[in-house]
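Let me begin by presenting the structure, written as structure tokens, before commenting on it.
The values are calculated or read from the model by the stated rules, or taken from the named source; none is laboratory data. None of the values given here were measured: they were computed from a predicted structure. All Cβ positions, glycine included, derive from the backbone under ideal geometry; neighbour counts span all protein chains shown. SASA here: full protein model, heavy atoms, side chains in, ligands and nucleic acids out. Shrake-Rupley method; radii C 1.70, N 1.55, O 1.52, S 1.80 Å.
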Amino acid sequence: MTIAEFDEAFTTVMPRLRRRLLALTGNPHDADDLLQETYLRLSRRARCRTLARQRQPYAYACAAALNLLRDLWRHPSHQERCTDQLPEQSWDGGFAGREAEAVATALLRGLSPKEAAAVILVDIEDLTHDMAGERLGAHRGTVQRNRMRGLAKIRATLDAAPPRAYERPAAPVPFPQGHTRPTRAA
């Protein structure tokens with residue numbers, strides 16, 4: 001069966017198959033997803049020329065769709081789930097992670113060795129003040145004081161830094177005196 005013959009056969013059975021899937025799922029979105037998955041599964045076979053010409057194309061497509069639906073019922077982990085969480089960030093080749101490491105390293109270089117050690121152990125490695133004190137050979141109060149001083153220096157450095165080119169300014173930038181905003185021609 002050629003791809004054109006398959007597309008023609010599937011197009012003729014598609015409305016009836018969608019109605020069947022809608023009756024089975026009870027949700028038009030799930031029915032459309034199953035219809036699309038069925039088309040993709042059968043079209044792969046047509047492209048590989050392993051799909052034979054069917055006497056009953058609707059029955060064949062319906063059986064394939066029901067197999068997909070049964071797989072979804074058996075393996076609910078394969079289904080999409082609605083969530084209130086944002087999806088994970090897209091992969092950027094590790095650039096954002098490297099940039100964050102570079103910024104963090106530059107900020108830590110501006111601290112004294114004791115302050116940097118306290119910030120790293122408590123905030124980055126998630127140790128308690130007591131555990132960090134044991135590692136550094138200092139009292140927990142000393143670790144806490146060094147950490148607070150270090151974080152204050154980091155905040156001051158970040159507040160004093162100019163905004164990056166890709167960040168939007170917090171408030172609109174006023175025009176210099178004598179200049180006016182351009183107006184749109186109507």
Highest average packing first - 31-40, 64-73, 103-112, Cβ atoms within 10 Å: 31-40, 64-73, 103-112
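Tell me, what % of the accessible area of segment 1-137 is carbon and sulfur with a 1.4 angstrom probe?
Values: 5350 of 10060 Å².
Within segment 1-137, the accessible surface is 53 percent carbon and sulfur.
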Mean accessible area per residue over segment 1-151 (1.4 angstrom probe, all protein chains present, square angstrom) is 72 Å²
Amide H to amide H under 5 Å from L111: which residues, 5+ apart in sequence or cross-chain, H placed 1.01 Å off N in plane? none
